Amino acid sequence: MLKVDELDVFYGDAQALDDVSIEIPKGAIVAIVGANGAGKTSLIRTIGGMVKPARGRISFHGNDIAGMPSYKVCDLGIGQVAEGRQIFPNLSVSENLDMGAMLPRARATRAKNRDRVLEMFPRLNERLQQAAGTLSGGEQQMLAIGRCLMGEPELVMFDEPSLGLSPALVQDVLASIRDLNRDGLTCVLVEQNVAVSLKLASRAYVLENGRVTLSGTGDELLADDRVRQAYLGM
Ligand code: ATP
């Protein structure tokens, strides 16, 4: 569904991604694992159109989208749940959800998607008129996911969705991602919680200093000594 080939990304002179190639098959959960600063967010932001690559191709259903502005990428069906949630704190929960359905692709199905999101996250339904900034961390993460789903995405890239959440909420958020995937959503998951993300993932890549150093199925990487030492503390 999505294919990234030989991607190079620079911030000024500093290279953040170096010859990165990855493949996201339809229906998969693909995990991207790596230390802080390895380039995970840069990869997501480049696919999402927020950062322009210096070299390489990004194809979605066979069409090259490298360098396309993010609103167009989003309107093709690639959604993003950014690190740190990035909701609009002064808007209500309801208004935040509406903001997710602004692009042409999502307008016609707005009511259906809203029902689906509120069924999935009943806490949001109870707080529709509340300012989003007053929600708990877990509720804000659910709102960020819900707003993204309002855009009718085919593929969603989740950047550290469990960051700052309590262990119980981490389980809730990851269970939501698993359920969305079972309903047909293709997912890219960047997660500090490496063990859990590899268990969920059908395929995974390890990024180190901007390069892909390992790839395989989630189970293969879970069993790999280098992964166990570097990311699982074994
Ligand atoms: P983290 O888990 O800390 O978010 P990451 O794996 O997502 O890390 P990136 O945020 O993609 O890594 O960063 C990759 C490299 O690019 C790092 O060296 C970082 O300092 C640098 N970098 C990221 N964003 C910028 C920017 N806007 N300007 C300059 N350098 C940047």
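Can you count the Lys pairs in the chain whose Cα atoms are under 22 Å apart, with each pair 8 or more apart or on different chains?
Value for the chain: 11.
With contacts defined as alpha carbon pairs under 8 Å and 6 or more residues apart, what's the relative contact order of the chain in percent?
Dividing the mean separation by the residue count of the chain yields 26 percent.
Given springs between every Cα pair under 10 Å in a Gaussian network model of the chain, which of Pro89, Pro53, Pro122 has the largest fluctuation?
Pro122
Where does the charge balance sit around Glu160 when Lys and Arg score +1, Asp and Glu -1, over other residues with C-beta under 11 Å from its C-beta?
It works out to a net charge of -1.
Could you provide, to the nearest whole Å², the per residue accessible area of region 93-234 with probe 1.4 Å?
I get 46 Å² per residue for this part.
Can you give me the angle between helix 167-182 and the longest principal axis of the chain, using Cα atoms only, in degrees from 0 to 90, rounded to the nearest 10?
Tilt of helix 167-182: around 90 degrees.
Per DSSP H run of at least 4 residues, take -39500 (n - 2.57); add these up for the chain, divide by its residues and hand me the 222 nm value, nearest 500 deg cm²/dmol.
-10500 deg cm²/dmol
What number does the chain give for Rg over Rh if you use C-alpha atoms and the Kirkwood radius?
With Rh from the inverse mean 1/r over Cα pairs, Rg/Rh is 0.96.
For region 201-209, what does the Karplus curve 6.51 cos²θ - 1.76 cosθ + 1.60, with θ = phi - 60°, yield as ³J(HN,Hα) per residue in whole Hz, taken in order and with x for Gly and Pro?
Coupling constants for region 201-209: 7, 7, 9, 8, 10, 9, 9, 9, 6 Hz.
The values are calculated or read from the model by the stated rules, or taken from the named source; none is laboratory data. The structure presented is a predicted model; accordingly, all values stated were derived computationally and were not measured. In this analysis, Cβ positions are derived from the backbone assuming ideal geometry, glycine residues included, and neighbour counts consider all displayed protein chains. With ligands, DNA and RNA removed, areas are computed over all heavy atoms of the protein, side chains included. Shrake-Rupley method; radii C 1.70, N 1.55, O 1.52, S 1.80 Å.
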